[in-house]
Amino acid sequence: MRTIALSATPGKLLAIESSCDETAAAVVDDNLRVLSSVIASQTALHERFGGVVPEVASRAHVERILPVIDEALALARTRLDELQAIAVVTQPGLIGSLLVGLTAAKTLAMVLDIPLIAVNHIEAHIYACRMHAARDLFPAVGLVVSGGHTNLYDCRGPIDFELLGTTIDDAAGEAFDKVASVLGLAYPGGPSIQAAARAGNPRAFRFPRSFLKDERLEFSFSGLKTAVLYAVAGTPPAEYDPRLLPRERVADLAASFQEAVVDVLVGKCRQALRKCGRKTLCVGGGVAANERLREKLAEFAAADGVEVIVPPLELCTDNAAMSAIAWELIRAGRISDWDLDVTAGLVRRR
């Protein structure tokens, strides 16, 4: 770790996020005020594949990273020489995507001779709750639920996280994408299933809720995904045209699937809070934007007398503003060396 003296005057940092398929940059001051947040979405590039293609994602990051950074600085009315640090997500994620962000961040930090701060994407999702609440929330239990991760953490402090449990197969967001494909709905699956589910009956199909009554803090959504396929195409599945599925049936399937996912997520959060003796739950990640999950979390909070913090939608999906967690790392002296590298892949408890 490098040691660099920071100015006592109010500072600004530039945060860069390129862990998957969103190229993002933000300027955040040390009071956690988001001065700008710019996101270049790649959804249209990956839509025809039904999921993120790593090579396509990394090439798009190369094209977009500098314009996104320029726009973030311009919107924040901030010059490069006014920056006090550069924060960059280095894990977890797609290796090519992460390297694009890290290369840009290292170059800026070296040229400006300011600290380079490595940010964990998942921990930043939980820290988004701290930003939204505008007060200290820790200790707490954290749930990150996204396209690649469904993880529970015991958060003893803003940068002190212990992994409690993960999915053993598909993440919740991944299951949404795959079930959307089964039902002939658009990618990404989260918004399209949510829209279809509004007209459906969540009790029309009794889908499995894996591990819900098991004390292990683990998740599994692969069997649920398969159950939806069997409900559509039979056992074993026969060929079918999803475009010919009746709208009412699609709505019921979507609502029943969504309800099963939400029941498991809320149930495991309840278990984790009791196990850790916490009274605060912080929820982050793209699936945290799901309206049914937010409804059930609010019901759970009222019933159990706990506090549940879910950030606004713009802080749930991938963004660079949540990398304001870098200010906590700076105060703790966790400044990265120039040989900083990325850690690709998914977080799973082995």
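Cβ separations smaller than 8 Å between residues 6+ apart or across chains give the following pairs from region 42-55 residues that are over 15 Å from Asp177 (Cα atoms) to residues that are open to solvent by 70 Å² or more (accessible area, probe 1.4 Å) and modelled with pLDDT of 95 or more: Pro54/Ile95. The condition of being over 27 Å from Arg135 (Cα atoms), touching a Leu at 6+ places or on another chain (Cβ under 9 Å) and among the small types (Gly, Ala, Ser) holds for only one of Ala238, Ala288, Ala231, that being Ala231.
Taking the criterion of being in contact with a Leu (Cβ under 6 Å, 6 or more places away or on another chain) and either modelled with pLDDT under 95 or open to solvent by 10 Å² or more (accessible area, probe 1.4 Å) (or both), the residues of region 164-183 that qualify are Leu164, Val182.
The residue that is modelled with the highest pLDDT, counting only those in region 1-37 that are open to solvent by 10 Å² or more (accessible area, probe 1.4 Å) and within 19 Å of Val100 (Cβ to Cβ), is Ser37.
Of all residues in region 106-136, those satisfying the criterion of being open to solvent by less than 10 Å² (accessible area, probe 1.4 Å) and under 21 Å from the mean Cα position of the chain (by Cα) are Ile117, Val119, Ile122, Ala124, His125, Ile126, Tyr127, Ala128, Cys129. Residues being more than 24 Å from Leu152 (Cβ to Cβ), touching a Gly at 6+ places or on another chain (Cβ under 9 Å) and either among the acidic types (Asp, Glu) or surrounded by fewer than 15 Cβ atoms within 10 Å (Cβ to Cβ) (or both) are entirely absent from region 211-228.
The set of residues in region 134-173 being acidic (Asp, Glu) and under 13 Å from Cys282 (Cα atoms) consists of Asp136, Asp154.
Here Gly148 clears all of (1) surrounded by fewer than 22 Cβ atoms within 10 Å (Cβ to Cβ); (2) within 30 Å of Met131 (Cβ to Cβ); (3) in contact with a helix residue (DSSP H, G or I) (Cβ under 8 Å, 6 or more places away or on another chain) except the condition numbered (1). Return the residues of region 93-141 that are among the charged types (D, E, K, R) and without any contact (Cβ under 8 Å) to a residue 40 or more places away in the chain; say none if nothing qualifies. Result: Asp113, Arg135, Asp136. Selection of first residues in region 226-244 that are farther than 18 Å from Ala255 by Cα and of second residues that are open to solvent by less than 40 Å² (accessible area, probe 1.4 Å), restricted to Cβ pairs under 8 Å at least 6 apart or on distinct chains, gives the following pairs, ordered by first then second residue: Glu239/Ala233; Tyr240/Val232; Tyr240/Ala233.
Per-residue answers, yes or no, for (1) more than 29 Å from Pro208 (Cβ to Cβ); (2) surrounded by 15 or more Cβ atoms within 10 Å (Cβ to Cβ); (3) not acidic (Asp, Glu):
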| site | (1), (2), (3) |
| --- | --- |
| Arg247 | no, no, yes |
| Asp263 | no, yes, no |
| Val266 | no, yes, yes |
| Ala289 | no, yes, yes |
| Glu295 | no, no, no |
| Val308 | no, yes, yes |
| Thr317 | no, yes, yes |
| Ala332 | yes, no, yes |
| Arg349 | no, no, yes |
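The values are calculated or read from the model by the stated rules, or taken from the named source; none is laboratory data. Note that the structure is predicted; figures quoted are calculated from it, not measured. Cβ coordinates were reconstructed from backbone atoms using ideal geometry, including for glycine residues, and neighbour counts include every protein chain displayed. Ligands, DNA and RNA are excluded from the accessible area calculation, which covers all protein heavy atoms including side chains. Shrake-Rupley method; radii C 1.70, N 1.55, O 1.52, S 1.80 Å.
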